[in-house]
1. Just one of D492, D505, D480 is in contact with a Phe, Trp or Tyr (Cβ under 9 Å, 6 or more places away or on another chain), surrounded by fewer than 20 Cβ atoms within 10 Å (Cβ to Cβ) and not in a strand (DSSP E or B); which is it?
2. Considering only region 258-281, I want to know if a residue exists there that is charged (D, E, K, R) and not in a helix (DSSP H, G or I).
3. Out of all the residues in region 38-81, which are within 14 Å of the chain's Cα centre (by Cα), on the phi < 0 side of the Ramachandran plot and not in a strand (DSSP E or B)?
4. Restricting the search to region 373-398, which residues are touching a Phe, Trp or Tyr at 6+ places or on another chain (Cβ under 7 Å), of a type outside the set (A, V, I, L, M) and either modelled with pLDDT of 95 or more or surrounded by 22 or more Cβ atoms within 10 Å (Cβ to Cβ) (or both)?
5. Is there a residue in region 78-97 that is in contact with a Gly (Cβ under 6 Å, 6 or more places away or on another chain) and within 19 Å of A498 (Cβ to Cβ)?
6. Could you please find all residues in region 357-371 being over 22 Å from R151 (Cβ atoms) and touching a helix residue (DSSP H, G or I) at 6+ places or on another chain (Cβ under 8 Å)?
7. Of everything in region 266-290, what is surrounded by 24 or more Cβ atoms within 10 Å (Cβ to Cβ), of a type in the set (S, T, N, Q) and within 20 Å of G485 (Cβ to Cβ)? Give them in sequence order.
8. Return the residues of region 4-24 that are within 20 Å of A43 (Cα to Cα) and surrounded by fewer than 20 Cβ atoms within 10 Å (Cβ to Cβ); say none if nothing qualifies.
Amino acid sequence: MRDFHLPGRSPVLATSGMCATSHPLAAQAAIDILKSGGNAMDAAIAGAVLLGICEPQMTGIGGDCFVLWSAPDGSIHGLNGSGRAPTALDAADLRAAGEATVPTHSAHAITIPGAIDAFCTLADRVGHLGIDRLLVPAIHYAEAGVPVAPRVAFDWASDQTVLQGAARNAFLINGTAPGKGQIFAAPGQAEVLRRIAKNGRDGFYTGEVAEDMLAALTAAGGKHTAADFAATACTDTTPIRSTYNGIDLVEHPPNGHGATANLMLNILTHFDIAAMDPWGTERTHIEAEAAKLAYDARNRFLADADYTTRLDHMMAPETAAHLAALIDPKRAMPNATTISEQVHKDTIYITVVDRDGMAVSLIYSIFHGFGSGIATDKFGILFQNRGAGFTLEEGHPNELKGGKRPMHTIIPGMLAKENKTFMPFGVMGGAYQPNGHARFVSNLTDFALDPQSAIDAPRAFSDAGNMKVERGYTDTVRADLSDMGHAVSIPDTAIGGAQAIMIRDDGVLEGASDPRKDGCALGY
C-alpha cells in the first residue's frame with residue numbers, strides 16, 4: 001500500500017469492466033462501449049481510434065497496431081496489424097542513392113498503414129457492436145475538438161518540427177503547437193472515419209481516401225501504389241511466452257520485438273534480483289547490461305515473421321545462460337555486439353477487461369513523434385514512419401524489401417499463471433518497451449509491488465550508449481553508475497508510460513495507469 005502522506009495514485013477497483021489508457025476521454029469512451037453491450041475488443045478499438053485524436057503525436061489512422069486478447073477459457077490470441085513496404089521499394093535502391101539508413105522523415109520510411117484493416121477485422125470477428133458504432137466517439141471528438149492535455153502539449157511542442165507541408169496545416173494552430181487546454185479538431189479525419197463506418201476497410205484502402213494518401217506519397221517521392229493499399233491485410237499470429245518467478249510473460253511474435261523482453265527476463269533469472277535494493281545501483285546496472293545483450297540479439301535476428309529464422313535460439317534458456325555469464329556485476333560493457341558475438345554465431349496503449357473475462361492488450365502507433373511528418377492534403381491523414389525500422393544492410397533478416405514488414409518496437413503484453421490470464425499490460429516508449437516489460441514483471445514478482453506501484457516506480461534505460469536515469473533515483477546511484485562506466489544522463493522526458501489491469505482471484509478488476517501520461521484507469 002502506498003504512503004498516503006505522499007503524492008501518488010490509488011489502484012482503481014471495479015467488477016463489471018475496466019479500461020486503462022493514456023487519455024481520460026479514451027478511457028471513458030471504452031467504458032461507455034462496455035456499458036452499451038460491447039465486449040472488451042469493442043471497447044479497446046473505440047478507445048484506440050479516439051486516442052488518435054487525443055494524442056495525434058503518438059498514434060492515428062495512418063499507423064499500425066498489434067493486439068493480444070484472451071478468451072474467457074484462458075486461450076490467448078494475437079493479430080498483427082502492421083503494414084508492409086511498398087512492393088516497388090528495395091534496399092538496393094536506397095543504397096545506390098548513397099543512403100546508409102532509411103531516411104526517417106521521407107516517403108521511403110512510410111509503410112502502408114495496417115491498423116484500420118486490423119480494427120475492422122477484429123470488430124467483425126471478435127466484437128459485438130460493429131465498426132460503425134465503435135467509431136462514433138472518435139468521429140464526434142474529431143469534429144468537435146479535444147482540449148489538449150498537459151503531457152500531449154509537452155510532446156507536441158517537442159515534436160512539431162518534423163511536420164511538413166499539409167501536416168503543418170492539419171496539426172498546428174496558427175503555425176505553432178497548441179498549448180494545454182487549446183482545442184484541437186481534425187474534421188478531415190472525421191470524414192475518413194465516417195467512410196470507414198459506412199464501407200468498412202474499403203472506405204480507407206480504396207476510393208477517394210486511398211487516392212488522397214497516394215497523391216501525398218507520390219508527391220513526396222514514394223513508390224506506393226493503389227495495389228499496395230488494396231492488398232493490405234492483417235495476420236493471425238501465435239503468441240510466444242517465457243516464465244519468470246512462476247509467471248508467464250506472453251508476447252506478440254515478430255515482427256514485433258516482444259521476444260526481447262522474454263530474453264531479458266531469461267537473462268535476469270540468473271541473478272538474485274529480489275535480494276537487491278529495487279532502486280539501487282546493483283539492480284539498475286544488472287538490468288542495463290541484460291538489456292544491452294537482449295537488444296543486441298533483437299538487432300541480429302528480429303524481422304518480418306517470414307524472415308525471422310532464429311527466434312527459437314533467442315528464446316532458448318541456454319542462450320540466456322550464456323549471455324548472463326558475460327555480465328560483469330561491477331563494470332558496464334562497452335559494446336554488447338562485440339562481447340556477445342560468440343553466443344550468436346550460428347523490434348499508444350490501451351487495455352480493457354470486460355465482465356465475461358475477455359482481456360484485450362492493444363498497442364497502436366505511428367512510431368516517432370508525429371511519425372513521418374507527412375500528411376495528406378485533403379483529409380489530413382498523418383503517416384507513420386515504420387519503414388525506418390528496416391535496415392539497409394544487405395542480407396540482414398530485417399533488410400528493406402518490397403512487401404515486407406519492418407521490425408517493430410510496439411509490443412502488447414499479457415501475464416498468465418497456470419494457463420490463466422490475469423493481467424493485460426503494456427509499456428509505451430519506443431525502444432524502451434521490452435526493458436519496460438521486463439522491469440514491470442520484475443517489480444511485480446521480485447519486489448511484490450501492486451500494479452500501480454510497479455508502474456509508478458522510477459525507471460532507467462541504457463539506450464544506444466546513453467544510460468538514462470529518471471529523477472526518481474538518487475544522485476548517489478547516478479554517481480555509482482557513472483563510476484561503473486555508464487554514460488549517465490537525466491532524460492528531459494520521463495521514460496515511457498504504462499497501463500495494466502489485474503484480474504484478481506476474487507473477480508475484482510484492479511486498474512493502474514502511469515502518471516507519466518495524462519490518462520487513467522476507469523471501471524464500473
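The values are calculated or read from the model by the stated rules, or taken from the named source; none is laboratory data. Note that the coordinates shown come from a computational prediction; the quantities given were computed from them, not determined experimentally. Glycine gets a Cβ as well: all are built from the backbone with ideal geometry, and neighbour counts include every protein chain shown.
1. Going through D492, D505, D480 in turn, just one is in contact with a Phe, Trp or Tyr (Cβ under 9 Å, 6 or more places away or on another chain), surrounded by fewer than 20 Cβ atoms within 10 Å (Cβ to Cβ) and not in a strand (DSSP E or B): D505.
2. Scanning region 258-281, I find at least one residue that is charged (D, E, K, R) and not in a helix (DSSP H, G or I), so the answer is yes.
3. Scanning region 38-81 gives A48, L51, G52, E55, Q57, M58, T59, G63.
4. Q384, N385, R386, N398
5. no
6. M358, A359, V360
7. Selection gives T284 alone.
8. The answer is L13, A14, T15, S16, P24.
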